[in-house]
Amino acid sequence: MSSPRPMAHPASWYVATANAIPSYPALQGETRADVCVLGGGYTGLSAALHLAEAGFDVVLLEASQVGSGASGRNGGQIHSGQRRHQDYLEAELGLDDARKLWELAEDSKTLLRDLIARHNISCDLTDGLILADHKRHYVAESHAYARHLQDTYGYDAMEPLDEAQVRALVGSPGYYGGVYDHGGGHLHPLNFALGLAAACTRAGVRLHEHTRVSGFEDWHGVTLTTDTGATVKASFLLECGNGLMDGLDHRVDEHVMSICNYIAATEPLGERAAGIIADGAAVADSRFVVNYFRLSRDGRLLFGGGESYRRNLHGNVPQFVRPFMLRVFPQLADVRIDYGWGGVLGITLTRLPFVRRMSDHVLVSAGYSGHGVALAPLFGKILAEAVRGQIERFDLLEKLPVPRFPGGTALRYPLLVAGLSYYALRDRL
């Protein structure tokens, strides 16, 4: 089964408020480079940028438009840590490697802010992320985890919230406590991607849009072919297309699967906005199918809710997302939704990214499972380090436990959909 073809930028609030969306030419003829990067999202753009700044000749191929995949459609939330909690990583890898992975995640937030500052990227970067518990018995676990982060990792930016505190911050009757991560935050994801692309071109990266790679040969370097017959010969290939690479490399397909997620943007709420979120923080809740939301700079509620485990996006996103939004904010029943869009993201069985050396010439980083805003730019930089022979951080990421999906590529969808649907049902109980 082939993957969904990535669309050009959807009619989203992000596109409506984008700084500028330039176009880059499709690849023609035969091209040679030191490194070919596949995918114009955060991972690929960061990898290309850091390689070019180190003096490598880099060509980047994007099947649609730069930032048109998950990097330009996501919720824009900046989380601390890896996609799984530290106690899980401690049990799987031991405390020493768990500490290194925590430090890596802290580095990812530092790099994100450094890229924005260094390249003067205007993307509404805002501090603060509330993690809200939708079941009472989750609150004690959240507070215990915050204490664990402080005691074991020295992270003191996680403030426990009781029921009164979370409801003072989030105007919903459905949350009973949680934590306020003052080290987290949010941004305009498309503008961040576009800013990275502009930095790439200034550094000398050759960007090509509307250039879909149909296959590659890995022998004494890499030769890539495209749907239009253009080719690239390079010493290295970095596979950075995340959930939109299905069918290109079966070794990746066995570990990374694409699903669809959705966001709606309301009309500007005016004075009502302060009753939805009392300060500038973003919010994510404790459901398995996470609700995530924040206020935009013009006072809209940007609400992410619902997933679909099929290959095509829903045709009427506002209608699909509205029930999720109203379960959290029933007081918004009279509010108009002005924008609704969906996107494809890559997930793995453990929800941890799949970072591997596929051969001497091919590296991959994919499957961020909704945690890519913070992690993907750093993981792209780590791919660049590995190309340069600096492998310590890459070797650490290769330890992340990411098993193959049961049933291989043929049965991964029906088997995983059954499991995901079960956990989605539990959210409603």
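The values are calculated or read from the model by the stated rules, or taken from the named source; none is laboratory data. Quick caveat, the model's predicted, so the values are computed rather than measured. Cβ: placed from backbone, ideal geometry, glycine included. Neighbour counts: every protein chain shown.
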(request) Tally the residues that are without any contact (Cβ under 8 Å) to a residue 40 or more places away in the chain, crowded, with 16+ Cβ neighbours inside 10 Å and among the small types (Gly, Ala, Ser), restricting the search to segment 308-364. (result) 0
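Could you please let me know if residue 66 is touching an Asp or Glu at 6+ places or on another chain (Cβ under 9 Å) and either within 30 Å of residue 298 (Cβ to Cβ) or touching a residue at least 60 places away in the same chain (Cβ under 8 Å) (or both)? Walk me through it before giving the result.
Numbers: touching an Asp or Glu at 6+ places or on another chain (Cβ under 9 Å): yes; either within 30 Å of residue 298 (Cβ to Cβ) or touching a residue at least 60 places away in the same chain (Cβ under 8 Å) (or both): yes.
Judged against the criteria, residue 66 is a match.
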(message) Return the residues of segment 27-49 that are part of a strand (DSSP E or B) and of a type outside the set (Asp, Glu); say none if nothing qualifies.
(response) 31, 32, 33, 35, 36, 37, 38
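Name every residue in segment 200-218 that is farther than 17 Å from residue 51 by Cα and buried (at least 17 other Cβ atoms within 10 Å of the Cβ), in order of residue number.
Step one: of segment 200-218, the residues farther than 17 Å from residue 51 by Cα are 209-218.
Within segment 200-218, 209, 210, 211, 212, 213, 216 qualify.
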(message) surrounded by 18 or more Cβ atoms within 10 Å (Cβ to Cβ) and either out of contact with any His (no Cβ under 8 Å at 6 or more places or on another chain) or not assigned by TED's automatic domain parsing to the domain that holds residue 273 (or both): which single residue out of 241, 229 fits that description?
(response) 241
(message) Filter segment 90-137 down to the residues that are in the same structural domain as residue 292 (by TED's automatic domain parsing), closer than 23 Å to residue 151 by Cβ and surrounded by fewer than 17 Cβ atoms within 10 Å (Cβ to Cβ) and list them by number.
(response) 137
